[in-house]
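Take a look at the structure set out below.
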Amino acid sequence: MSLALEPKEQSPLLSPSIKMEQVTGDVLQPMGRFPSLPWHLAFGAAQLLTVLLIVPIVYQVFYGLGRFGINQPVGWGIYIVNFVFWIGIGHAGTLISAVLFLFRQSWRTSINRSAEAMTIFAVMTAGVFPLVHVGRTWVAYWLIPYPAERELWVNFRSPLLWDVFAVTTYFTISLLFWYQGLIPDWATARDRAKNKFFKKMYSILSFGWTGSARDWNHYERCYRQFAFLAAPLVLSVHSIVSFDFAVSLIPGWHTTIFPPYFVVGAIFSGFAMVVTLMVIMRSLFNMEHYVTMRHLELMNKVILATSIIMAYSYLAEFYIAWYSGHEYEQFQFLSRPFGIYAIPFWIMVICNVFVPQLFWSKRVRTSLVGMFVISILVNVGMWFERFNIFIISLHNDFLPASWGAYWPTAWDIAVTVGSFGLFFTLFLIFCRVFPVLAIAELKTTLPSPSRGSRLGVGHHAHHDHYADTDEEAGLGPDGPPRPAEGS
Amino acid sequence: MHGPRLSHIDDPGPLRIPPALTLGTLAVGVLGLLVFLFAAFTGAEETRQSAWAGFFVSYIFFFFIALGAAAFLAIQYVTGAKWIVVLRRLPEALTSFLYRGGFVFPLFALLGTGYIYSWAAPDATYPYPNTVKEWWLSPGVHVVKVIVYVVPLVFLAFFLVKNSLRSDRRPDPGFSQRQLRLSIIFLVAFGFLFSLFSWDVVMSVEPRWFSTMFGVYCFSGAFLSAIAAMMILTFVLRRRTDLVQGRHLYDMGTYVMGFATFMAYIGFSQFMLIWYANLEDETLFYIRRFEGNWMPLVVALSLLKFIIPFLVLMPPRMRTNVYAQVICCLGILLGQFIDIYWIVMPAYSDTLVLPGLVNVATFLGVAGIFGWSTLSFFASHSYLPAGDPDLLSSVNGDYLHA
């Protein structure tokens, strides 16, 4: 029987009203004009929140850590919760920029730039906490081992040190990868700039990009190799963060599923944050035609899938605690839903497991209000997940005589809320001065006269020799940003 | 294929496989299993023990390949992947083992519970007596558990394959929507039931040991070995049709490399966390598997399952080279077998035991049934899902621009 059915047409990624020639103007427009009133209001609010981060830290320097709720046995408090929370937020950016690229998911083009920026700002926000916590921030570089200079050797057996390596590697690669994607767009901005000063500045930022075939060839090779380097980082960073806990002997911390479980949780919270930011950004900068409902819906599907994996991880932990027959382990897991921290536990379960199930419904998945509320609840849930893991396991020490409890004080809450201020401040500055969409990549997803229909014959000859050369097999036909028109 | 863009593809019909080959494979299977039955029911106590252990290792190996292939299939439907359509019959053929005889093996293994599991022996000792674990790991409950874990998965996998085969004869406009729904149900069920199967059926051969990661560990092994088996079948299919092209091989090779890395990540994380914490109940698993000459197996499985495929398939050129791929994938399958052997066998012996003649016959027995089910699948069904609307997209490479 021969085949008569045509492939089902998918709804377009970008609004069909977009013309090739308007893309550059639309994307660069916020960079060239005085910011709007909503941006000023949002930026002011973020600045005010940042004050809440700075004041407790300064206060702590004068009065000591006692101002926070930590005690014996809960020696790790809000700082570690916020650190892990913010590192986790960053994960979606690397996943979108590297893993979706390698999987040829072209829908990443409208969101990758801002998701990567989000990664970098989230890691910077996360970095505040350990840097303050080391006590003498000005000698934090002692964590970098080069003993010939200082005759000081760090403790390689400590997972906290592994964290230093993991997070700095992650930050460096994410930053370089992000910057590389920006280079052609800086060149576009340079070519459009009217002011001499801006022209000079963009020229420096774009490293003298000319847009020649040679430039693009190097660019594409490099982009792909970065993607391969960055893909394992999606797994490694949060795995190593999870080692901070899992290598210990504390019941509830020492469980082997921690590395992938932390990674999935990070992707879950990261995607929720991307959805939150995209809903805000597309209305603040009139990007509705570029970040369409299809992008948002696809991200909501990722949130739904990861939510189910989270449910699996929670159940796996409970099952093995029961199966193991260890009374400490069992007591630990019973005290989560029924102990003094029952409310945080149930907030976590409701927000992370039950609420995202609403995304099974297409109506919820494509409702802006619905996804905005759910994405925020997911991050509330993920913050409480870290709170539960770290605090509940510590508060019941092995001897009942050394049991304690930890409740956040006003200072703890201020630091937490303030970290959002820092993050949003950075993100709003990014929206103001950077091209928020990857212009060159975006144009490859637009139909254009030269490309004919998107399944055009002219394009075909190119990738049928897929296997013939290293380059073609490696770079792939859909490849990274292809020069759709001169930048 | 470098030819022109195709506008339609005829149903090519089944592969021509000589009936002698199919029947011969079945005969090997039956003979091997007869040897096993003879040893397991009439041999001396030690022979019986060894025969059942060998049977357990062999059937888990093939059962995991089939389950991994079913999970692979379901993931492709859920993600709406189009590149795989031209190769879709391969995971379907592997999955068909589940309902063409494969489901009998875990049920049959129930007869050997007393030999396979130390907790089921008459003089069993429990690490934590009088706990609920003593009840959970008992022969009666085990029967219920195996049935509850295996039967739903086999049923769902059966429909997953059957729907696709039916669409060959009668193109079905609602095909992808129906398969999508079924695949979601399958994947959610698979996530929970496969993990429980891994913990309660495989991990409990070492009853004192436990690891939350073990479900994921078994999944990554099953998935990797299923992709490796598919790769070998791709090699066969490519000789029959030029519709399977370099880029399909390239994508399969990337899959192999990616999941070899995932396997290493999961395996290392599980080992490192247990080794570092050094708790009595957990670390004994690795101590028993590193000492008594078991260590060479660890080296072999890490080379075969991760290091060799990772390094060999790293250059893009190698991922379109059929021979490099097939050799790596044969290595992966061997590594997966060694892995299961290494997990299971030290539970019965402190020092390295190599498979005996009965074990080899048992392995050939299960392999024969597996081979028969795959061959007869290809002999009775078209080797391309010609009714699938996305087949043209997969062949012409349209998915690259979507």
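Only the coordinates and a few stated rules stand behind these numbers; no lab work does. Here the structure is a predicted model, which is why all the values come from computation and not from measurement. A quick note on method: Cβ atoms are made from the backbone with ideal geometry, for glycine too, and the neighbour counts reach across all protein chains shown.
Quick check: the angle from helix A:196-205's long axis to the longest principal axis of chain A, C-alpha only, nearest 10 degrees? In chain A, helix A:196-205 runs at an angle near 70 degrees to the longest axis. Paramagnetic label reach from B:Leu311 (point 7 Å along Cα→Cβ; backbone nitrogen cut-off under 18 Å): within segment A:220-236, no residues. For the pair B:Phe155 and B:Arg169 in one chain, pulling the backbone fully straight at 0.36 nm per residue adds 2.8 nm over the alpha carbon distance. The value of relative contact order for chain A, using C-alpha pairs under 8 Å at least six residues apart, is 29 percent.
What's the ranking of B:180-192, A:134-146 by average number of surrounding C-beta atoms within 10 Å, highest first? Don't skip to the end; give the middle numbers.
Numbers: B:180-192: 18.1, A:134-146: 11.8.
Order by mean packing, descending: B:180-192, A:134-146.
Legend: Rg and Dmax of segment A:186-324, from Cα coordinates, 22.0, 70 Å.
For chain B, return all DSSP H helices satisfying: extent of Cα atoms along own axis at least 27 Å; mean Kyte-Doolittle hydropathy at least -1.0.
Numbers: long enough: B:19-42 (34 Å, 2.08); B:45-78 (49 Å, 1.08); B:139-169 (45 Å, 1.10); B:175-197 (31 Å, 1.39); B:214-240 (39 Å, 1.32); B:246-277 (46 Å, 0.64); B:322-344 (33 Å, 1.80); B:357-380 (34 Å, 1.49).
Helices meeting the criterion: B:19-42, B:45-78, B:139-169, B:175-197, B:214-240, B:246-277, B:322-344, B:357-380.
Debye sum, Cα scatterers, segment B:146-303, no solvent: what log₁₀ I/I(0) at q = 0.16, 0.19 1/Å? Result of the Debye calculation: -1.12, -1.32.
Full extension of the chain between B:Ile185 and B:Ala81 gives 35.7 nm of extra length, using 0.36 nm per residue less the Cα-Cα distance.
Along its first, second and third principal axes, ordered by size, segment A:279-438 spans 60, 37, 24 Å in Cα coordinates.
Averaged over the residues of B:319-330, the number of partner chain Cβ atoms lying within 10 Å of the residue Cβ comes to 1.
How shielded is A:315-328 by partner chains, expressed as the average number of their Cβ atoms within 10 Å of its Cβ atoms? Walk me through the numbers on the way to the answer.
Details: counts 4, 10, 1, 1, 8, 8, 2, 5, 12, 11, 15, 6, 2, 0.
Taking the mean over all residues of the peptide, I get 6.
Distance between the C-alpha centres of segment B:172-214 and segment B:290-337: 25 Å, rounded to the whole angstrom. Taken as Cα centroids, segment A:143-203 and segment B:8-62 sit 57 Å apart, rounded to the nearest whole angstrom.
Our coupling estimate for segment A:322-327, obtained by passing each phi through the Karplus curve with A = 6.51, B = -1.76, C = 1.60 and θ = phi - 60°, is 6, 5, 4, x, 7, 6 Hz, Gly and Pro reported as x. If a spin label sat at a point 7 angstrom from the Cα of B:Glu46 along the line to its beta carbon, the backbone N atoms of segment B:324-350 nearer than 20 Å would be those of B:345-350. Placing pseudo-labels 7 Å out from each Cα toward the beta carbon at A:Gln72 and A:Ser36 gives an inter-label distance of 5.7 nm.
How long is the gain from B:Met295 to B:Val104 if the chain were fully straight, where each residue apart is worth 0.36 nm and the alpha carbon distance is subtracted?
Details: separation 191, 0.36 × 191 = 68.76 nm, distance 3.33 nm.
Gain in length upon complete extension: 65.4 nm.
Per residue of peptide B:73-86, the mean number of Cβ atoms on other chains within 10 Å of the residue Cβ is 1.
Mind ordering A:167-175, B:245-253, A:248-256 by average Cβ neighbours within 10 Å, highest first? Write out the running numbers ahead of the final one.
Working: A:167-175: 17.9, B:245-253: 23.1, A:248-256: 20.1.
So the order, starting with the most tightly packed, is B:245-253, A:248-256, A:167-175.
Given R₀ = 51 Å, FRET efficiency for A:Glu149-A:Ser106 by Cβ-Cβ distance, to 0.05? Can you show the working numbers first?
Values: r = 48 Å, r/R0 = 0.94.
Rounded to the nearest 0.05, the efficiency is 0.60.
Distance between the modelled labels on A:Asn286 and A:Val58, one decimal in nanometres: 4.0 nm (7 Å Cα→Cβ projection). With the Kirkwood sum run over all distinct C-alpha pairs, the protein assembly as shown has a hydrodynamic radius of 29.4 Å.
According to the Kirkwood expression over distinct Cα-Cα pairs, how big is the hydrodynamic radius of chain B, in Å?
Values: mean 1/r = 0.0454 Å⁻¹.
Kirkwood radius, chain B: 22.0 Å.
From least to most packed, judged by other beta carbons within 10 angstrom and beginning with the fewest, B:Glu46, A:Glu385 follow the order B:Glu46, A:Glu385. Run through every distinct alpha carbon pair of chain A and return the Kirkwood hydrodynamic radius in angstroms, one decimal place. Result for chain A stands at 24.4 Å. The peptide list B:23-29, A:104-110, A:14-20, put in order of mean Cβ contacts within 10 Å with the highest first, becomes A:104-110, B:23-29, A:14-20.
Using a Förster radius of 60 Å, what is the FRET efficiency between A:Trp346 and A:Phe207 based on their Cβ-Cβ separation? Nearest 0.05, please. Don't skip to the answer; put the middle values down first.
Numbers: r = 52 Å, r/R0 = 0.87.
Taking R0 as 60 Å, the efficiency between A:Trp346 and A:Phe207 is 0.70.
Extending 7 Å from the Cα toward the beta-carbon at both B:Ile147 and B:Ser7 defines two label points whose distance is 5.7 nm.
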